[in-house]
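Mind looking over this structure? Questions follow.
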Amino acid sequence: MYLNRPERETKPWYTDPELRRVEEKATDEETERRRARDRRGDIRSKERNDPMTQVNALLKPAPAPRRHGPATPSDPQAARIQREQSERQRAMALIAKSRAVPKTNGFWEDTPSTVAHPGGSFAEDLERRKDRASNRFWDEERERDRVRGWERGVRGDRGGRSWEV
């Protein structure tokens, strides 16, 4: 057994300059610039995709929104007038928004209305018409039975509302 290992065993194969790729063997200025550019690109890519950098960016407080428009006047009365005008504009916008007709998503409405109001959905209008028609039918039927002298229950239970007309 020998204590000293030969140099070819202690030196890895990939450090041998003769085994490098052709691109790595070149030493001119253009190649050096390209290598430096690639290194910078690698560093930027690592920084951009680093999860801790993203976490820090998300935790950083957001800057206060900048207001575009005239600065607040130094005169107190002019400042008050400006505040009143901006409040008036904001109130008018809220009123216009509340008076706007809500949009529906196609044929079905998002939430059916429980209050009978003109301009309801087609389904609500159809249900109201069905209900009126059934009331008319059963009211006429009850009136005929009363005129004929038939009491309720003699011909079966016809007083209930049934859609099987």
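With the condition being at pLDDT 80 or above, I'd like the helices (runs of 4 or more DSSP H) fully within the range 5-50 carrying at least 1 qualifying residues.
Numbers: elements: 7-10, 22-25, 29-48.
So the answer is 7-10, 29-48.
Within the range 75-124, track down each residue that is hydroxyl-bearing (S, T, Y) and at pLDDT 90 or above. Explain how you work it out, then say what you get.
Looking only at the range 75-124, we keep the residues that are hydroxyl-bearing (S, T, Y), and these are 86, 98, 104, 111, 113-114, 121.
Correct list: S86 only.
Name the one entry in A62, A57 that is at pLDDT below 90, open to solvent by less than 100 Å² (accessible area, probe 1.4 Å) and farther than 30 Å from S86 by Cα.
Details: A62 fails: farther than 30 Å from S86 by Cα.
Only one candidate passes the filter, namely A57.
Is there a residue being in contact with a Phe, Trp or Tyr (Cβ under 9 Å, 6 or more places away or on another chain) and open to solvent by 100 Å² or more (accessible area, probe 1.4 Å) anywhere in the range 5-20?
Yes, some residue in the range 5-20 is in contact with a Phe, Trp or Tyr (Cβ under 9 Å, 6 or more places away or on another chain) and open to solvent by 100 Å² or more (accessible area, probe 1.4 Å).
The values are calculated or read from the model by the stated rules, or taken from the named source; none is laboratory data. Everything quoted here is computed from the prediction, not taken from an experiment. Positions of Cβ are backbone-derived with ideal geometry, glycine not excepted, and every protein chain shown enters the neighbour counts. The area values use the complete protein model at the heavy-atom level, side chains included, leaving out ligands, DNA and RNA. Shrake-Rupley method; radii C 1.70, N 1.55, O 1.52, S 1.80 Å.
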